[in-house]
Every structure is written in structure tokens, then in C-alpha cells.
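Report on the structure given below.
Coordinate-derived values only; no laboratory data. These figures come from a predicted structure and were not determined experimentally.
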Amino acid sequence: QALSEATIKAKETVKRFIKEGDLQGKVTEMTSEEISNIKEKDFDSKEASKQFGFIRQNVDGSFEIVLNKDKPMVGTAAHEFMHAVLFKTLGNNQKLQDNLGNALIDYVSKLGGETSILGRRLAAYGKYNNGVFQRDKNFGEETITIMSEEIINGNLKFNENFFTKIGDIVRRF
């Protein structure tokens with residue numbers, strides 16, 4: 001019951017941010033079966049139906065966050081909304097995404113403590129090849145969204161000095 005209430009609250013918060021920000025976006029809920037029946041070019045509906053949610057990001061900046069009703073998770077709406085925010089602010093600037101992702105990874109590696117949850121989640125966005133971790137194209141952006149989610153749920157501690165450093169990276173770029 002608590003999970004359900006927290007998930008609803010997070011979803012409503014994201015809807016409010018979309019409205020307050022006058023963004024061209026919406027939040028939709030679908031079952032796994034409904035998601036698996038989506039027929040769109042270059043969209044793997046079977047894989048998407050296994051996820052907590054996903055975002056359909058359009059080149060004009062409009063978006064649709066789709067939440068899987070069969071797999072409720074508190075941070076999903078916020079995670080997907082962060083993708084929309086990053087698209088609006090960073091665009092498709094791969095170098096900037098990678099630089100921010102690298103700065104975040106560097107920061108987390110110095111935190112100590114329990115970071116294995118973050119490591120497991122980020123492992124889905126790359127693979128080891130001959131002992132070297134090769135990152136997917138979306139690794140930088142996923143690092144940013146996953147870390148913001150982990151700060152919200154309390155697994156990572158917010159550090160204002162670190163975010164000043166991130167701002168400096170963006171300004172330099």
C-alpha cells in the first residue's frame with residue numbers, strides 16, 4: 001500500500017512539473033500487455049513491456065512518459081522526467097552528456113560506502129570486453145538520471161560542492 005501511494009505521489013508531482021513548466025509532455029499508464037502490443041518503427045515493445053517505464057522523446061521536445069502499471073516503482077516517473085529535462089537542456093550533445101556522466105562516476109567512486117546498487121543499475125548500460133567496460137551511447141545520460149533518483153531515495157547523499165563542480169563543467173563546455 002505504501003509503495004502504491006508513493007508511486008502515485010511521484011507520478012502526480014511529475015505531472016505538476018510538466019504543467020508548471022509549460023512543457024509539451026504527458027504521463028500515461030499502460031499494462032505490460034498494452035505496452036507489448038505497441039507497433040512503432042524502431043521500438044522494441046516486448047523489451048519495453050518488461051521495464052518499469054520509458055519515455056518517448058520527440059525531436060521537437062515533446063514527450064510521453066509511459067509507466068508500466070504492472071511494475072510500479074516509486075522513482076520511475078521522476079527518472080523518465082529527468083530524461084525530458086536533460087533533452088531540453090543538453091539536447092543530443094553526446095560530449096556534454098559523457099562529461100557529466102564521467103564527473104558523476106568520479107564523484108561516486110570517492111564516496112565510499114554502499115554504492116553497489118548504483119553499480120548494478122549502471123551495468124545495464126554497458127558491457128565488459130577484454131576486461132574493459134564499454135559504455136553504451138546513453139551511459140552518460142543514464143548516469144545522471146539514475147544518480148538523481150538515488151539521491152531522491154536516499155542511497156546517495158546530496159553534496160552542494162559537487163553540484164557546483166557539475167555546473168562548472170557545463171559552463172566550461
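General observations
- From phi via Karplus (6.51, -1.76, 1.60), per-residue ³J(HN,Hα) for the stretch 58-73 in Hz, x at Gly/Pro: 9, 4, 7, x, 6, 7, 9, 8, 10, 9, 7, 4, 7, 9, x, 8
- For LYS26, the aspartates and glutamates whose Cα falls under 12 Å of its own Cα, not counting residues fewer than eight places away in the same chain, are GLU12, GLU64, GLU80.
- Listed pairs LYS39/LYS137; LYS46/LYS95; LYS9/LYS71; LYS19/LYS71 exceeding 27 Å between Cα atoms: LYS46/LYS95
- Kirkwood hydrodynamic radius of the stretch 1-102, from inverse mean 1/r over distinct Cα pairs, in Å: 14.4 Å
- Taking amide hydrogens as placed 1.01 Å from N in the peptide plane, the amide H of LYS69 sits under 5 Å from those of MET30, THR31, SER32, each at least 5 positions away in sequence or on another chain.
- Close amide H contacts of GLN24 (hydrogens built in the peptide plane, cut-off under 5 Å, sequence separation of 5 or more or a different chain): none are found.
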